[in-house]
1. Determine the relative contact order of the range 378-441: mean sequence separation of Cα pairs under 8 Å and six or more apart, normalised by residue count, in whole percent.
2. Specify the inter-centroid distance of the range 77-142 and the range 213-273, based on alpha-carbon positions, in whole Å.
3. Just the accessible area per residue of the range 316-429, please: how many Å² with a 1.4 Å probe?
4. Out of the total accessible area of the range 534-581 (probe 1.4 Å, heavy atoms of protein only), what percent is carbon and sulfur?
5. For residue 557 and residue 581, compute 0.36 nm times the residue count separating them, minus their Cα-Cα distance, and round to one decimal in nm.
6. What residues have an amide H closer than 5 Å to that of residue 460, excluding those fewer than 5 places away on the same chain, when H is modeled at 1.01 Å from N in the peptide plane?
7. In nm², what is the average projected area of the convex hull enclosing the Cα atoms of the range 48-120?
8. Which whole-number value in Å² is the accessible area per residue of the range 492-578, probe 1.4 Å?
Amino acid sequence: MRGRTLSAGTALAVFAGMTVTLAAQPATASPPTATTMTRPIAAAAAALAAPDISVTNVQAHLTQFNAIATSNGGNRRAGSAGYTASLNYVKTRLQSAGYTVTEQYCSSCTYPSNNLIAEWPGGAADQVVMFGAHLDGVSAGPGINDNGTGSATLLENALVLAAQNPTMTKRVRFAWWTDEEQGLNGSRFYVNSLNATQRGYIKGYYNFDMVGSTNGGYFINRVTSTTAAPLKAYWDSLGLQPEENVEGQGRSDDYYFQQAGIPTSGYAAGASARKTSAQAAKWGGTANAAYDSCYHRSCDTTANVSATVLNRAADGVAYALWQLAVGDGTPTNDFSVSVSPTTRTVAQGASTTATVATATTSGSAQSVSLSASGAPSGVSVSFSPSSVTSGGSATVTLAASANATTGTFTITVTGTGSVTRTASLTLTVTGTGGCAGGQVIGNGGFESGSTPWTASSGVITNSSSQPARTGSYKAWLDGYGSTRTDTLSQSVTVPAGCSTYTLSFWLHIDTAETTTSTAYDRLTVQLGSTTLATYSNLNAASGYVQRSFNVASVAGQTVTLKFTGTEDSSLQTSFVIDDVTLQAS
């Protein structure tokens with residue numbers, strides 16, 4: 001994984017297309033070695049026909065990558081002898097399994113070298129599901145977690161697919177990218193080499209970057225999207241409660257697929273960001289420590305991989321592949337349930353709402369009845385509508401009576417259809433004694449992932465290019481030097497009965513514009529239907545400036561705080577926001 005994707009003024013170049021030729025499917029293939037780790041019973045039932053991927057076999061590929069680095073200057077950087085040897089290892093294994101593999105030379109890469117593309121015959125050629133991982137590492141070390149783990153996971157899945165040789169409903173294409181660490185250059189070259197028709201054939205691109213971090217988490221790119229549903233369904237079956245991959249937004253090879261309009265998702269286990277206490281409580285590991293303490297360092301060896309995290313990722317890839325592209329991989333109907341936001345606060349005598357979303361994860365859509373449990377005395381929970389067809393959503397209303405029990409409670413939302421699926425919401429009930437008061441913005445310093453914010457890709461980031469005011473994370477809107485709109489928003493419930501209501505945030509504006517009179521790039525701040533302020537490149541300053549507003553007009557309401565950054569076609573302007581608060585007292 002690399003840092004922030006685009007610098008000011010970066011443009012996309014278009015390159016000549018490539019042709020993938022397919023060999024005849026082999027009549028026989030050797031079965032994979034039996035795994036030494038057994039998939040949990042619940043996961044095996046959920047995966048149905050999907051195979052159990054041997055983590056021992058995946059680790060054997062990592063051992064090979066480590067040995068290759070050791071023999072070639074200690075690394076597998078793009079364009080180096082270590083990278084070429086890694087590519088040849090993967091290519092040889094795929095060719096032996098029956099794949100016809102194409103190398104695509106990336107002439108525009110920082111270190112010109114080859115992407116590796118392999119496509120399994122069978123399934124409709126205009127219905128392609130693509131799985132990718134970057135094969136290169138940094139020059140500092142062998143790059144085993146970053147990203148030998150993603151590369152080895154896809155290699156073993158490709159070999160198992162060939163060995164089982166099932167009937168295919170879609171075409172499966174695997175890719176190993178070069179020059180990711182220098183700016184996602186290999187995958188960008190590939191996407192730009194496709195014409196509009198070829199791009200339209202790709203129904204989903206799944207990216208796997210750092211899937212074995214030793215203090216890892218369970219992160220999914222675009223976790224609530226339909227594309228992510230099979231990846232999430234597998235991890236849900238293990239009770240892992242995966243989260244959005246905020247740290248990886250815009251920093252890996254799914255980025256240019258997404259920019260081209262191709263649906264994307266993928267797994268990640270985390271890089272240099274720190275695990276929160278809440279994440280450590282549900283996933284284990286060490287709170288306030290990096291997910292991968294050897295990120296981009298020489299210690300990123302085979303010792304820097306969690307077999308448990310790696311195994312769950314490898315099996316999840318197989319589950320998704322079978323659900324998406326194998327003829328008999330979806331024998332039952334299934335769905336998922338999620339709640340957004342996952343935390344709500346309500347005062348006695350008031351109410352609050354959240355959205356319950358469902359998605360069809362396999363088979364056909366079905367009717368899902370919604371119910372809830374865990375509400376304290378005096379709090380009622382209702383749904384509108386009370387039943388949805390999977391893929392639809394409903395509004396859940398939590399209403400607290402004047403004498404409702406105060407405190408913090410876990411509300412379990414249950415969807416019942418042919419199976420039962422659940423999601424959780426944390427509800428805090430406060431007293432009415434005049435002013436409930438306090439800070440009503442959730443995660444105002446952006447240090448706890450994206451929740452409860454909704455943001456454009458890459459906005460919530462710990463990139464060192466624009467430092468945070470406090471902590472490591474902030475919200476960085478625009479700054480690309482090209483036509484772009486970024487948004488950042490959060491729904492907030494403002495308590496009634498208080499004397500003062502102050503919205504405050506710290507804003508740093510950095511611009512390459514030279515004008516002193518024309519506002520080319522703008523940041524608009526809205527609360528509910530009211531526009532509080534508009535800033536532009538004309539407000540650029542060397543550091544953070546605190547902006548504050550009296551927002552008493554929204555007392556007792558649930559409204560959306562929204563920042564919208566718009567940038568014209570040239571000369572970047574960055575709007576960097578940190579430490580957002582809305583204090584009622």
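The values are calculated or read from the model by the stated rules, or taken from the named source; none is laboratory data. Computed from a predicted model, the values in this text were never measured in an experiment. We place every Cβ from the backbone using ideal geometry, glycine too, and count neighbours over all the protein chains shown. These area figures cover heavy atoms from the full protein model, side chains too; ligands, DNA and RNA do not enter into them. Shrake-Rupley method; radii C 1.70, N 1.55, O 1.52, S 1.80 Å.
1. On the way: 74 pairs, mean separation 16.5, N = 64.
Reported relative contact order: 26 percent.
2. That distance is 21 Å.
3. Working: 4350 Å² over 114 residues.
Ligands and nucleic acids excluded, the figure is 38 Å² per residue.
4. Values: 890 of 1980 Å².
Whole-percent figure for carbon plus sulfur exposure: 45.
5. On the way: separation 24, 0.36 × 24 = 8.64 nm, distance 1.64 nm.
The residue 557-residue 581 span can extend by a further 7.0 nm.
6. Amide H neighbours of residue 460: 476.
7. Details: hull surface 24.6 nm².
With every direction weighted equally, the projected area is 6.2 nm².
8. Working: 3730 Å² over 87 residues.
Averaged over the residues of the range 492-578, the accessible area is 43 Å².
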